[in-house]
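Here the structure comes first, spelled out in structure tokens, and everything after it is commentary.
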Amino acid sequence: MRTIWYMGAKTRLTTEILRAVEDAAPGARSALDLMTGTSVVAWALSDRYRVVANDVQAYATTLARASLCGPKVGPVLTERTLGRRFRENANALLDWLEPAVALEDAFLEAYGFDPEGGERGPFALGPMGVAARERARRRVPRDPQRRARAYRAFALGGPSFLEEGTPRATGPFRGAQDLFAQATIGVRREDPGTFPYLLASSYYPNVYLGLRQAIVVDSLRYAIDGLGGAQAAQRRTQALASLLHATSVTTSATSHFCQPRGLVRDSEVKAVLARRSAAIGARAQGYERELVALRASHERNPGNAAFCCDWRDLYRRWNEVGADVVYADPPYTSDNYSRFYHVLEVLTRYDYPTLEVRRGRTTKGRYPARALRHQSPFCVRRRVEGELRELIAQTAARGAALVLSYGEENGLLFKVWRARGLSAAAARRRFLELARAHYAHAELRKRTLLHSGQGDSNVKVTELLLVARGPRTCA
Ligand SMILES: C[S@@+](CC[C@H](N)C(=O)[O-])C[C@H]1O[C@@H](n2cnc3c(N)ncnc32)[C@H](O)[C@@H]1O
């Protein structure tokens with residue numbers, strides 16, 4: 001299964017996790033992947049078990065639902081199904097953005113990229129008008145350094161929606177003033193279904209997406225929401241999961257959405273333009289084809305389900321979950337996933353959230369306001385131990401076995417313990433004791449992996465698997 005780009009996806013560990021789940025609960029029939037992220041573990045588990053996948057983030061639930069749950073459906077991202085509505089929305093956005101898209105195209109061409117990224121299918125925007133193209137080409141300098149500077153000015157200086165006031169839209173954006181206006185967004189905050197859909201084009205243009213890409217994302221989102229008829233919910237889920245996948249692997253930032261790139265070096269300009277030349281529509285279609293083939297070749301338990309809950313809230317609905325074994329993979333570090341993947345969450349909810357403002361200005365990262373972003377206690381030094389303790393106790397109280405992933409070197413709890421002077425061996429013992437308080441048997445398995453960090457360097461990390469069976473509370 002090809003996942004979205006995700007920090008901490010357990011793709012390389014599914015064999016060990018499956019073995020641990022079997023050992024923790026021999027004869028189990030159902031498994032809960034409590035914090036499913038990419039859903040790669042849930043997918044692996046679903047070969048053998050009825051699977052429930054859960055995550056506090058809606059995009060993760062959408063991805064899980066598309067692969068694991070509901071009826072099998074054929075491709076949705078087609079001209080016949082979505083073409084008309086896609087063009088309706090795209091044309092409305094191009095009425096505002098044609099000159100700016102023409103200039104983006106001219107930069108892409110000058111750097112040797114195809115502005116449509118090879119997109120020839122139903123979700124191609126096609127070339128901009130001749131006059132706009134000619135005007136745009138004249139604005140792109142021939143000299144490489146001046147050209148990089150000009151792109152930087154265009155991309156970093158262009159408008160996007162701001163909480164503190166409507167930005168002035170000038171140059172190629174002159175005709176798009178209304179797109180970025182507070183009134184335009186205000187109407188959509190009241191009614192997100194207002195035509196045209198413009199969230200990506202007003203929140204993230206030249207930030208996490210190129211302009212063409214932003215228009216395609218909004219227009220596909222509009223077309224997907226319009227899907228009706230038989231199995232409409234599953235078809236919408238499949239199409240949205242495919243769009244999320246395409247957006248993830250096309251981000252103009254490094255591999256997530258934590259911070260847009262500053263375009264400081266000329267090489268960075270080229271790297272960002274390479275990403276912006278990619279065809280989101282074709283990528284979404286490609287992923288959907290894989291998903292359809294995957295589902296066609298694998299029977300899945302009709303009892304599979306996917307939830308979008310904080311783990312505590314899900315445990316309150318245990319009668320709907322009823323799992324024999326829980327696999328839990330909480331965040332290891334102080335970095336909240338909701339900050340790194342906020343764009344996927346916003347595109348899923350598509351509700352034009354209020355953006356975070358610091359010192360009177362909308363942040364460069366364009367994160368939703370803090371109160372709207374999930375803050376996980378697993379990411380807080382003074383809360384992480386209590387949260388893990390509680391998770392283990394509550395899992396045992398429900399009579400389920402537990403397999404829990406955690407990082408040794410980078411795990412926040414281990415850092416806290418090391419800072420208090422615990423040796424590595426003592427920290428591992430203490431970790432085991434958390435489980436032994438509630439389970440008759442607990443063991444710790446280790447696997448060393450090479451992780452690529454923020455740079456390209458390979459960092460050795462130890463992945464721990466806590467395997468706990470025989471919950472005491474139900475003995
Ligand atoms: C390490 S990632 C999981 C990766 C996943 N196992 C995979 O292979 O893709 C941690 C996940 O926990 C989720 N999460 C964090 N706090 C949570 C909570 N309180 N309840 C439910 N999910 C939570 C995050 O949204 C994130 O997707």
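The values are calculated or read from the model by the stated rules, or taken from the named source; none is laboratory data. The model shown is predicted, which means the values in this text are computed figures rather than measured ones. Using ideal geometry, Cβ is built from the backbone for each residue, glycine included, and neighbour counts are taken over all protein chains shown. Each accessible area value is taken on the protein alone, full model and side chains, heavy atoms only, with ligands, DNA and RNA left out. Shrake-Rupley method; radii C 1.70, N 1.55, O 1.52, S 1.80 Å.
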request  = Using the structure shown, decide if Val56 is part of a loop (DSSP other than H, G, I, E, B) and near the ligand (Cβ under 10 Å from one of its atoms).
outcome  = yes
Residues located in segment 406-448, provided they are open to solvent by 10 Å² or more (accessible area, probe 1.4 Å) and hydroxyl-bearing (Ser, Thr, Tyr) = Ser423, Thr448
query = Since Leu294 meets every condition but one in (1) assigned to a helix (DSSP H, G or I); (2) within 16 Å of Gly37 (Cα to Cα); (3) more than 10 Å from the ligand (Cβ to nearest atom); (4) of a type outside the set (Lys, Arg), which condition does it not meet?
reply = (2)
query = What single numbered condition from (1) more than 11 Å from the ligand (Cβ to nearest atom); (2) in contact with a helix residue (DSSP H, G or I) (Cβ under 6 Å, 6 or more places away or on another chain); (3) modelled with pLDDT under 95 fails to hold for Asn336?
reply = (1)
Residue tally, condition more than 14 Å from the ligand (Cβ to nearest atom) and under 14 Å from Lys446 (Cα atoms), over segment 395-415 = 2
task = Looking for whichever is crowded, with 16+ Cβ neighbours inside 10 Å and more than 22 Å from the chain's Cα centre (by Cα) here; the options are Asp329, Asp324. Which one fits?
result = Asp324
task = Select, from Arg469, Arg361, Arg373, the only residue that is surrounded by fewer than 15 Cβ atoms within 10 Å (Cβ to Cβ) and not small (Gly, Ala, Ser).
result = Arg361
query = What residue, of Ala102, Ala44, Ala110, is more than 30 Å from Ala150 (Cβ to Cβ) and either open to solvent by 10 Å² or more (accessible area, probe 1.4 Å) or at pLDDT 95 or above (or both)?
reply = Ala44
inquiry  = For segment 1-27, give me each residue that is open to solvent by 20 Å² or more (accessible area, probe 1.4 Å), small (Gly, Ala, Ser) and more than 13 Å from the ligand (Cβ to nearest atom).
reply    = Gly27
inquiry  = Suppose we keep only residues that are assigned to a loop (DSSP other than H, G, I, E, B) and under 16 Å from the mean Cα position of the chain (by Cα) within segment 365-374. Which one would you say is nearest to the ligand (Cβ to nearest atom)?
reply    = His374
request  = For residues that are more than 15 Å from the ligand (Cβ to nearest atom), part of a loop (DSSP other than H, G, I, E, B) and either within 20 Å of Thr11 (Cβ to Cβ) or among the charged types (D, E, K, R) (or both), tally how many sit in segment 339-364.
outcome  = 4
